[in-house]
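The values are calculated or read from the model by the stated rules, or taken from the named source; none is laboratory data. Quantities reported herein were computed from a predicted structural model and do not represent experimental measurements. Neighbour counts run over all protein chains shown; Cβ positions are idealised from the backbone, glycine included. Ligands, DNA and RNA are stripped out before the accessible areas are found, and what is left, the full protein with its side chains, is counted by its heavy atoms. Shrake-Rupley method; radii C 1.70, N 1.55, O 1.52, S 1.80 Å.
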Amino acid sequence: MTNSFLKIVLFCICGLAHFTVSAQTDSNEVKEDLRHYANALAAPYMYGRGYVDKGLAKATKYIESQFRKNDIEPGPGMGTYRQNYDFAVNTFPGTVSLTVNGKKLIPGRDFLVDATSGSCSVTDLPIAHADLSTMGTGKAWKRAARRLSRDTAWILSGTDSFCAANGVSSRTLVSLLPKGCFLLPVHSKQSWTVGRTSHEATLMYVYDTVLPATPTSLSMTVEARMNYSFDACNVVGKIPGRVTDTYLVFTAHYDHLGRMGSAVFPGASDNASGVALMLHLAAWYAKHPQKYTMIFIAFSGEEAGLLGSDYFVKHPLFHPERIKFLTNLDIMGDATAGITVVNGAVLTRQFDMLTTINEEKHYLPQVKSRGQSANSDHYHFSQVGVPAFFIYSMGGKGFYHDIYDQPSELTFTNIPNVALLLKDFIGRLQE
Ligand SMILES: [Zn+2]
């Protein structure tokens with residue numbers, strides 16, 4: 001090896017090392033930025049960005065403040081960032097408690113109350129078993145239901161065949177039950193939801209591992225309150241481009257499940273992480289305006305059934321035809337195994353563009369394609385012909401719609417590279 005060749009090699013190695021170190025520093029800075037946003041949105045005082053303690057309203061204000069800080073304008077034709085609407089939602093602002101055989105169980109960890117349950121308050125009720133599979137359908141079931149006395153708490157079994165015979169899903173079982181207290185022992189992991197109606201029965205899903213071998217008595221309190229007109233809003237920001245009537249849109253829902261009694265669902269991965277990435281991109285694009293106008297929409301009502309995006313599509317601020325492309329970000333806390341792209345199998349040209357960039361730049365270990373799915377806010381846009389991807393990350397421990405979806409669990413592994421991939425993709429869409 002000659003001396004000069006060695007110098008060249010050393011120069012190259014040092015240069016590469018320098019590049020690697022600075023790329024690493026950039027990546028760490030982006031992670032810090034993402035963590036900052038996600039920690040704020042999933043903080044205890046946000047109460048799961050839901051329906052009690054003004055959780056959603058606090059998150060709205062936070063996102064507005066970030067838009068304002070970065071000189072992002074309100075959406076097209078808007079005087080403020082807010083697009084207001086309302087919907088009905090069942091809430092649990094008071095006590096949610098369950099004691100079986102004198103043992104107090106922990107809400108969120110040991111049990112979940114069905115999100116469409118009504119209120120109840122009972123003390124030391126005897127427990128009996130009710131096998132619903134033997135209780136028929138229609139009128140026969142109505143007669144049988146009358147025999148499920150309110151002076152007893154009922155542990156249910158045979159619910160799967162009962163639901164199938166009565167044409168309801170296991171998720172809407174409570175709608176068929178009479179007023180009273182019901183426990184459904186469950187073994188597999190349960191996820192909580194948002195209820196938009198209220199039923200007279202109170203149904204709790206209890207992990208069988210925490211139930212005593214012979215449950216004989218229980219005390220149960222559920223303070224449910226139906227809010228028929230919950231005020232929600234979508235938060236919409238704009239960064240004008242040289243072309244003012246063609247839009248590139250990023251969306252991420254900022255609502256989560258809120259609070260079930262004392263159990264708070266912080267929704268760090270779902271979807272403080274996606275909003276964090278969207279806010280990070282918005283701050284970057286504010287400093288780097290594009291050819292087309294960039295729109296950033298934080299949707300509410302997603303967990304209640306894609307309500308915010310549905311409202312937006314039905315009350316658009318601009319013609320959906322003017323959207324060149326929409327990218328929805330939901331669950332962006334850990335891309336150790338890469339990302340999945342919903343609609344990748346539908347919009348093959350744009351998906352090829354994305355994977356080509358990834359192959360050139362080696363950003364992510366995998367960019368996986370999926371067909372259409374009604375599983376996030378891209379859906380209503382796709383239905384009216386807007387080319388839209390929904391991108392979610394693959395990694396992490398899989399905490400989902402539970403009390404463990406905490407900001408401390410977000411690693412943001414590879415998410416800075418998702419940001420780079422998206423910036424390149426947006427760049428190529430404008431060529
Ligand atoms: Zn989500």
Rounded to the nearest 20 debye, dipole of the stretch 100-161 from Cβ charges on Lys, Arg, Asp, Glu: 240
Residues of type aspartates and glutamates that residue 189 reaches as a straight line, Cα spacing below 19 Å, ignoring anything fewer than 8 places off in the same chain: 110, 114, 160, 208, 270, 303, 402, 405, 409
Residue of 278, 353, 260 that the Gaussian network model of the chain assigns the largest fluctuation, springs spanning Cα pairs under 10 Å: 353
Charge dipole magnitude, Cβ of K and R +1, D and E -1 - the stretch 30-73, Cα centre, debye nearest 20: 160
Accessible area expressed per residue, the chain, with surrounding protein chains retained (probe 1.4 Å, Å²): 43
Karplus-derived HN-Hα couplings along the stretch 93-106 (A = 6.51, B = -1.76, C = 1.60, θ = phi - 60°), whole Hz, x at Gly and Pro: x, x, 6, 10, 9, 8, 10, 10, 6, x, 9, 7, 8, 9
Gyration tensor verdict on the stretch 348-399 (Cα atoms; rounded if a/c is under 1.5, prolate if a/b is larger than b/c, oblate otherwise): oblate
Among 300, 228, 210 the positive-end extreme of the charge dipole of the chain (Cβ point charges): 228
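Once you have the alpha carbon radius of gyration of the stretch 120-199, what is it after dividing by 2.2 N^0.38 Å, with N set to its residue count?
On the way: Rg = 12.8 Å, N = 80, 2.2 N^0.38 = 11.6 Å.
Relative to the 2.2 N^0.38 Å estimate, the stretch 120-199 comes out at 1.10.
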Estimated inter-spin distance, residue 359 and residue 288, nm [label 7 Å along Cα→Cβ]: 2.4
For the chain, built as a Gaussian network whose Cα springs stay under 10 Å, the top-fluctuating residue of 287, 58, 238: 287
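Could you give the dipole magnitude of the chain about its Cα centre, charging the beta-carbon of Lys and Arg +1 and that of Asp and Glu -1, in debye to the nearest 20?
Working: 39 positive and 37 negative charges, 91 e Å.
Around 440 debye, computed over the chain.
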Alpha-carbon Debye profile of the stretch 156-259, log10 I(q)/I(0) at 0.10, 0.14, 0.22 Å⁻¹: -0.49, -0.76, -1.39
FRET E, pair residue 58, residue 165, Förster distance 41 Å, beta-carbon r, rounded to 0.05: 0.35
Overall form of the stretch 362-431 per C-alpha gyration tensor (a/c, 1.5; a/b vs b/c): oblate
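Can you give me the % of accessible surface on the chain that is carbon or sulfur? Probe 1.4 Å, all protein chains present, nothing else counted. Let's see the in-between values first.
Numbers: 10080 of 18670 Å².
So the carbon and sulfur contribution to the accessible surface is 54 percent.
Looking at the stretch 279-431, how many pairs of lysines come closer than 17 Å at the Cα, when each pair is eight or more places apart or spans two chains?
Within the stretch 279-431, the lysine pair count is 5.
Can you compute the helix-only [θ] at 222 nm over the chain? Use -39500 (n - 2.57) per DSSP H run of at least 4 residues, normalise by all residues, nearest 500 deg cm²/dmol. Intermediate results must be reported in sequence, preceding the final value.
On the way: 9 runs with 129 residues, N = 431.
Result for the chain, helices only: -9500 deg cm²/dmol.
At most 14 other Cβ atoms within 10 Å and a DSSP loop assignment: could you name the trypsin sites (Lys or Arg not before Pro) in the stretch 128-218 that fit? Mind dumping the intermediate values first?
Working: sites: 139, 142, 143, 146, 147, 150, 171, 179, 189, 196; in loops: 147, 150, 179, 189, 196.
Answer in residue order: 147, 150, 179, 189.
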Cα gyration tensor shape of the chain, rounded if a/c is under 1.5, else prolate or oblate by comparing a/b with b/c: prolate
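Take the Cβ-Cβ distance between residue 200 and residue 101 as r, set R0 to 22 Å, and report the resulting FRET efficiency rounded to the nearest 0.05.
Details: r = 26 Å, r/R0 = 1.19.
Result of the calculation: an efficiency of 0.25.
What does the highest-first list of 303-311, 152-160 look like by mean Cβ count within 10 Å? Numbers along the way, then the final one.
Values: 303-311: 22.4, 152-160: 18.3.
Taking the mean over residues of other Cβ atoms within 10 Å, the ranking is 303-311, 152-160.
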Among 354, 112, 22 the positive-end extreme of the charge dipole of the chain (Cβ point charges): 112
